[in-house]
């Protein structure tokens, strides 16, 4: 019982609290680094166990001819081929440091078979999987976004605005509302370059007295350019321009993503962090022993 319960609990608690201490006690940083090296060794062993489990499960499925055994065969063939090519570095060539030693090449060397498998096999398959997920997301959104109540209506409207703001159709629908480019186009051609430079800085929140045009500060500009810069700055800072420009779908989308959505993400992140802390403390203090193979 001591070897199966007490010793693993002590190891988990000591190493866990040691890694926590490395963030607060500089003296323990080296101990934490050594503990992380041991973690890397354990992770490598876990990968070997995981690979063995993958082989055993798929071989069992193939031998029983259970549903989907063909996919299991493909999985085993792909796993074996990639493993052999990667471990033995088949087709790899030497580097500038060791031109005659292919074993000195990096794990993923451009032009090598392992790189080819990754670049032209794994990457397209990953992209295809995520492309298919878009259809599932759209289907789920269609079922979930139904205006049954006020909250669902707000969610539906917000999602509709964000989706439209990401495509050209949203830009076209609100293109009649004022923006920087349309305002700059209202100036004579000779003044448009100056108006665009001032306008971009004004929209970025640069104060009037801190404007810089072609390396010249606002105070050093000629009187005519100062007057024009003041006019542009006041126009772009006007409440009516800010209101109408903010109603453009691309800008409204940015506002939604930058303010309420970011606030929600931070709240979720804080909640996840608190959950991680509580779960970690349960493991370190021995309350949660499920990693030992039993919840007792």
**Request:** Go over the candidates 157, 165 one by one and state the one that is modelled with pLDDT of 85 or more and surrounded by 13 or more Cβ atoms within 10 Å (Cβ to Cβ).
**Result:** 165
**Request:** Would you confirm whether any residue within segment 2-9 is loosely packed, with under 11 Cβ neighbours inside 10 Å and not in a helix (DSSP H, G or I)?
**Result:** no
**Complete:** Across segment 262-296, the tally of residues that are closer than 22 Å to residue 161 by Cα and touching a residue at least 60 places away in the same chain (Cβ under 8 Å) stands at 0
**Message:** Looking for something out of contact with any strand residue (DSSP E or B) (no Cβ under 7 Å at 6 or more places or on another chain) and assigned to a helix (DSSP H, G or I) - is there at least one such residue anywhere in segment 104-112?
**Reply:** yes
**Failed criterion for residue 62 (all others in (1) closer than 23 Å to residue 283 by Cα; (2) part of a helix (DSSP H, G or I) hold)** = (1)
**Set 162, 123, 167: member being within 25 Å of the chain's Cα centre (by Cα) and closer than 30 Å to residue 79 by Cβ** = 123
**Item:** Check on residue 176, surrounded by 13 or more Cβ atoms within 10 Å (Cβ to Cβ), assigned to a loop (DSSP other than H, G, I, E, B) and without any contact (Cβ under 8 Å) to a residue 40 or more places away in the chain
**Value:** no
**Asked** Are any of the residues in segment 119-136 in the same structural domain as residue 91 (by TED's automatic domain parsing), closer than 30 Å to residue 92 by Cβ and touching a residue at least 12 places away in the same chain (Cβ under 8 Å)?
**Response** no
**Message:** Whether any residue in segment 115-126 is assigned to a loop (DSSP other than H, G, I, E, B) and surrounded by 10 or more Cβ atoms within 10 Å (Cβ to Cβ) is what I want to check.
**Reply:** no
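The values are calculated or read from the model by the stated rules, or taken from the named source; none is laboratory data. Predicted model, so just to flag it, every value in this text is computed and none were measured. Don't worry about glycine lacking a Cβ; one is built from the backbone with ideal geometry, like all the others, and counts go over all protein chains shown.
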